[in-house]
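Just so it is clear, none of the values below were taken in a lab; they were calculated from the coordinates. Predicted model only: the values in this text are computed from it and were never measured. Reconstructed Cβ throughout: ideal geometry from the backbone, glycine too, with neighbour counts over all protein chains shown.
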Amino acid sequence: MAPSTQNQWTITSTEKGFDGLVYGQAPVPTPGENEVLVKLQGASLNFRDLIIPKGMYPFATKLPVVGASDGAGEVVEVGSKVTQWKKGDKVVTLFNQGHQFGAVDAESAKTGLGGVIDGTLRQYGVFNEAGLVRAPKNLSATEASTLTCAGLTSWNALYGLKPLKPGQTVLVEGTGGVSIFALQFAKAAGATVIATTSSNEKAETLKKLGADHVINYKEDLEWGTTARGLTPGGAGVDHVIEVGGAGTLEQSIKAIKFEGVISIIGFLGGVKTTVSALDSLNHICTIRGLYVGSREQMQDMVAAIEANNIRPVLDQKVFSLDQVKEAYEFMWAKGHFGKIGIKIE
């Protein structure tokens, strides 16, 4: 039986930065008839979690709110009308609780955990039964928690619009969670992967994860042209996982193949760029923004993870729930590789 109170992190302001994160006790919520109570055992952070308290997030928020979207754990109580889950089931949270299948729409985009709806930086959470997905059997709770945002975003980028095919080429930028997942999913599908990084040490790790080619973007400022030259006939890459925004989009355009897809995931390098919408015509490509993915896509992703025994890449430094503010600062300093995990007890 769950206790009556729990520890949690609440985002109270978008004007105080990380000082707007408040750690304290709160009641353990009671599930309604269509809801389940989950004992959260693991969580992970995304860039999105960092920019919400800094007031930089462009999508819907409603404060105060329990932070973070990513969580995994065990069902400990179910409502009277719940049919999909039972006590003891291992589950992972869905990012946009209302995005069940098909394209995201304005309404489902307003159902983000850790932004509008209370998220996962707590010991217990109540979720609608449709707001959860079965956790992969081969992953720990902390590993599984990384699938909610970064994992599903990568899956949607590669399979949501123009599905990746064996033998195609994928370009991933950097060593953040989305890029690493894309590398792993692409290799499992029989694709060639070109990765970029600014670190020779990280380059070696990328190669160990399966990257076929690694380009140091600080040493090669025209890395987009270089990436194109690594493809059959110099035709260009089929998919680009674009995370840099203004800092990288110009090179992504140089790398992309005719009819290729550039999936814009983030804007680590800023939002102002010289690239215009007409560049998609000049280069005969699709430049696509995407907002994570649906429950249906997440279920497909879980099946692929189990079938290929894919293990998310976690940074060596794992934090406890009471160290969340330190985890935010660690990620903001860009000292991590892969996903930052939080173990919840």
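Please tell me which of these pairs span more than 21 angstrom C-alpha to C-alpha: LYS62/LYS110; LYS218/LYS254; LYS39/LYS87; LYS62/LYS90; LYS39/LYS110; LYS208/LYS257? Spell out each step's value before the answer.
Numbers: LYS62/LYS110 10 Å; LYS218/LYS254 17 Å; LYS39/LYS87 11 Å; LYS62/LYS90 28 Å; LYS39/LYS110 25 Å; LYS208/LYS257 26 Å.
Beyond 21 Å between Cα atoms: LYS62/LYS90; LYS39/LYS110; LYS208/LYS257.
Mind checking the angle between helix 295-308 and the chain's longest principal axis? C-alpha axes, 0 to 90 degrees, to the nearest 10. Between the helix axis and the principal axis of the chain, the angle is about 70 degrees. In terms of surrounding Cβ atoms within a 10 Å radius of their Cβ, TRP332, TRP155 rank from fewest to most as TRP332, TRP155. According to the Cα-based calculation, Rg over Rh for region 95-205 is 1.01, with Rh computed by the Kirkwood formula.
Once you treat every alpha carbon in region 161-289 as an equal point and sum by Debye, what is log10 I(q)/I(0) at q = 0.09, 0.11, 0.18 Å⁻¹? Taking Cα atoms of region 161-289 as identical point scatterers yields -0.21, -0.31, -0.90. For region 69-202, the Cβ-based charge dipole about the Cα centre amounts to some 360 debye (Lys, Arg positive; Asp, Glu negative; other atoms uncharged).
Size of the dipole of the chain about the Cα centre, Lys and Arg at +1 and Asp and Glu at -1 on the beta carbon, nothing else charged, in debye to 20?
On the way: 32 positive and 34 negative charges, 54 e Å.
Result for the chain is approximately 260 debye, rounded to the nearest 20.
By the count of other C-beta atoms within 10 Å, a proxy for reagent exposure, MET301, MET56 are ordered fewest to most as MET56, MET301. Measuring between their Cα centroids, region 28-80 and region 308-345 lie 17 Å from each other. Computed from phi, the 3J(HN,Hα) profile of region 225-230 under the Karplus parametrisation 6.51, -1.76, 1.60 (θ = phi - 60°) reads 5, 4, 4, 4, x, 8 Hz, with x in place of Gly and Pro.
For region 227-345, take N as its residue count and report Rg(C-alpha) divided by 2.2 N^0.38 Å.
On the way: Rg = 17.9 Å, N = 119, 2.2 N^0.38 = 13.5 Å.
That works out to 1.32 for region 227-345.
When +1 charges are put on Lys and Arg Cβ atoms and -1 charges on Asp and Glu Cβ atoms, the dipole computed for region 161-289 relative to its Cα centre reaches about 280 debye. Seen from LEU314, the other residues with C-beta closer than 10 Å to its C-beta sum to a net charge of +1, counting Lys and Arg as +1 and Asp and Glu as -1. DSSP beta bridges in the chain, what fraction antiparallel, as a percent rounded to 5? Just about 55 percent of them are antiparallel. In plain terms, the residue of TRP85, TRP223 with the fewest other Cβ atoms within 10 Å comes first and the most crowded comes last, giving TRP85, TRP223. The angle separating the long axis of helix 177-188 from the principal Cα axis of greatest extent in the chain is about 70 degrees.
I want the local charge near ALA68. Using Cβ-Cβ distances under 11 Å, sum +1 for each Lys or Arg and -1 for each Asp or Glu among the other residues. Show your work: numbers first, answer last.
Values: positive: ARG48, ARG122; negative: ASP49, ASP70, ASP118.
Around ALA68, the surrounding residues sum to -1.
Counting only Cα atoms, the size of region 143-210 along its three principal axes is 33, 30, 16 Å, in decreasing order. Stokes-Einstein diffusion of region 1-133 at 20 °C, 1.002 mPa s viscosity, Kirkwood radius from Cα pairs, rounded to a whole number: 143 µm²/s. The amide H of GLN168, built 1.01 Å from its N in the peptide plane, has THR192 as neighbours under 5 Å, considering only residues 5 or more places off or on other chains. When peptides 41-49, 21-29 are sorted by average Cβ neighbour count within 10 Å, with the highest value leading, the order is 41-49, 21-29. Could you pull out which residues in region 84-108 have an amide N less than 18 Å from a spot 7 Å beyond the Cα of ALA60, following the Cα-Cβ vector? Output list for this probe position: 94-108.
Close amide H pairs (under 5 Å, H built 1.01 Å from N) link GLN6 with ALA26, VAL28, residues at least 5 positions away or on another chain. Couplings 3J(HN,Hα) for region 128-142, derived from phi with the Karplus relation 6.51 cos²θ - 1.76 cosθ + 1.60 (θ = phi - 60°), are 4, 4, 7, x, 10, 10, 4, 6, x, 5, 8, 10, 6, 4, 5 Hz, where x marks Gly and Pro.
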